[in-house]
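Working notes for the structure below.
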Amino acid sequence: MVVSSMASPLCTCMFQTPGRKMMPNSSKCRNRGGFKSMMNHIESFEEFFGTDSRRFCIFGSSRTRRLISRASSSEEVMAKKKPLTEQRRVVVTGLGVVTPLGHDPDIFYNNLLEGVSGISEIEGFDCSQFPTRIAGEIKSFSADVWVSPKISKRADKSMIYTLTAGKKAFADGGLTEEVNRGLDRSKCGIIIGSALGGLKICTESVAALNVSYKKITPFYVPYVSTNIGSAILAMDLHMMLCGGSDAAVIPLGRLGGFSACRTLSKRNYEPTKASSPWDTNRDGFVIGEGAGVLLLEELEHAKRRGAPIYAEFLGGSFTCDAYHVTKPHPDGAGVALCIEKALEQSGVAREDVNYINAHAASTPTGDLKEYQALIRCFGMNPELKVNSTKSMIGHLLGAAGAVEAVATIKAIQTGLVHPNINLENPDEGVDMEVLVGSKKECLDIKVALSNSFGFGGQNSSILFAPYK
């Protein structure tokens, strides 16, 4: 599982490609790209390794060094002539979801507010042989309006969810085909992550290979890729769409792989209570499936076309613990650093953050480590409220951060934060004045933080605020 689940794509789009105007960026991000940045790194390496080419061969011969010097000087001259890109504001103007609790943002969030659980017994295949037989499985779904029959027939559900959520976000933003045709494609983009991609296509092709390679679908290679959903979506749409999608409720990825890791809840007799972040009786996380996509726009562009503005995207950050494949760092240092970098990059004071949609996946160690990091960063804020969307839909892997970002924006829009269900026996040291209780609560959100973490110690944090 990777944290390409919304937070990373959203953070990535904040960094400007050298010589290209894409999305707003901070002054600190603006000068990171290009040859000059590389030279700065080379200079720091020289200080450590020295300039002996036998010790650090990147510097090569004296002729190579002269060419590097000339290129650096040339870029500096060009940089002086080129005016800096003005920092601009980014807003969210469209939302699209496919989830176990509904495929419309309003329906999805209303179910969250009412504490409805989307976790149930798996119906898509016979899972009687597995120790875990529950998931946040999507029971009813039709992509007829959004995806062509030809693609629907061949594609993995992960790809279909991507296309559906992406097109819904586009439509929700009021972007008609006529407007779409008039957009400058060079200033548009799509960043949609996935943890496992077309896993069902992969397993079907492996079964086909056991008969003959000739039985493998010719669409196997493109359709198994994690980027295929955004690639197909890009052929139809423009602007900046960011999100994530996954559909791993299948024998190999869902039960075989994660059961082998011993990370899943085995609470098959009470599916709706299986995902219980911060509760002492939690025994692992529950896999879910779906997709979430946000339409992002430069503020002035959105205002010119009269777009609906749901929230402002302030920025974000990502870090890596570099500690363990599945466990978080014992002192939560990577998480805390990620949050602090997000605040710094966005120019947000920590006392202004009063709502956090936590990663909290119902794992014995991860929930508590994240909570401790949050208290370390925001514990002095008496208004702070924290909840976990995963308590109701499970862990959507590559789609988790995206869908939870939608929930965060709906909280800003409605002034209501959804409950933490199944939190009956809180961990020792957890303050229930900070965690949202079993019922929805009113909250005038100043700044909202959404966290997403993943295997390998990957951390990402993004910030939203009401548009003013």
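Data overview
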item	result
Scan of region 297-338 for residues that are small (Gly, Ala, Ser) and either more than 16 Å from residue 359 (Cα to Cα) or at pLDDT below 90 (or both), ordered by number	302, 306, 307, 311, 315, 322, 332, 333, 334
Close pairs from region 88-109: first open to solvent by less than 50 Å² (accessible area, probe 1.4 Å), partner acidic (Asp, Glu), Cβ under 6 Å, at least 6 apart	91/297; 91/312; 93/297; 94/172; 95/172
Single residue of region 415-435 satisfying the filter (in contact with a Cys (Cβ under 9 Å, 6 or more places away or on another chain) and open to solvent by 10 Å² or more (accessible area, probe 1.4 Å)) that is farthest from residue 138 (Cα to Cα)	415
Sole exception among (1) at pLDDT below 80; (2) closer than 30 Å to residue 307 by Cβ; (3) buried (at least 22 other Cβ atoms within 10 Å of the Cβ) for residue 250, by number	(2)
Flag for residue 332 being farther than 27 Å from residue 163 by Cα and open to solvent by 20 Å² or more (accessible area, probe 1.4 Å)	no
Every residue from region 435-455 that is in contact (Cβ under 8 Å) with a residue 60 or more places away in the chain, in a loop (DSSP other than H, G, I, E, B), touching a strand residue (DSSP E or B) at 6+ places or on another chain (Cβ under 7 Å) and of a type outside the set (D, E, K, R)	443, 445
Lone unmet requirement of (1) of a type in the set (Gly, Ala, Ser); (2) open to solvent by less than 40 Å² (accessible area, probe 1.4 Å); (3) over 25 Å from residue 274 (Cβ atoms) for residue 322	(2)
Region 375-395, residues that are open to solvent by 10 Å² or more (accessible area, probe 1.4 Å) and either β-branched (Val, Ile, Thr) or not in a strand (DSSP E or B) (or both)	375, 376, 379, 380, 381, 382, 383
Check on residue 200, within 23 Å of residue 124 (Cβ to Cβ), open to solvent by 70 Å² or more (accessible area, probe 1.4 Å) and modelled with pLDDT under 75	yes
Criterion (at pLDDT 95 or above, surrounded by fewer than 24 Cβ atoms within 10 Å (Cβ to Cβ) and of a type in the set (Ser, Thr, Tyr)) met by exactly one of 461, 438, 450	438
Residue match in region 349-358 (condition: in contact with a Ser or Thr (Cβ under 6 Å, 6 or more places away or on another chain) and more than 17 Å from residue 435 (Cβ to Cβ))	no
Residue count for region 141-166, restricted to those that are in a helix (DSSP H, G or I) and surrounded by 21 or more Cβ atoms within 10 Å (Cβ to Cβ)	10
Total residues in region 257-308, condition part of a loop (DSSP other than H, G, I, E, B), surrounded by fewer than 24 Cβ atoms within 10 Å (Cβ to Cβ) and in contact (Cβ under 8 Å) with a residue 24 or more places away in the chain	12
Residue match in region 418-425 (condition: within 30 Å of residue 241 (Cα to Cα) and in a helix (DSSP H, G or I))	no
Residue ID - least open to solvent (accessible area, probe 1.4 Å), chosen from residues in region 335-353 that are in a loop (DSSP other than H, G, I, E, B) and of a type in the set (Gly, Ala, Ser)	349
Qualifying residue in region 423-433 (condition: in contact with a Ser or Thr (Cβ under 7 Å, 6 or more places away or on another chain), closer than 25 Å to residue 310 by Cα and of a type outside the set (A, V, I, L, M, F, W, C))	no
Qualifying residue in region 357-374 (condition: part of a strand (DSSP E or B) and of a type in the set (Val, Ile, Thr))	no
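The values are calculated or read from the model by the stated rules, or taken from the named source; none is laboratory data. What you see is a predicted model, and the numbers here were worked out from it, not measured in a lab. Heads up, the Cβs are rebuilt from the backbone with ideal geometry, glycines too, and the neighbour counts pull from every protein chain shown. These accessible areas exclude ligands, DNA and RNA; they are computed on the full protein's heavy atoms, side chains included. Shrake-Rupley method; radii C 1.70, N 1.55, O 1.52, S 1.80 Å.
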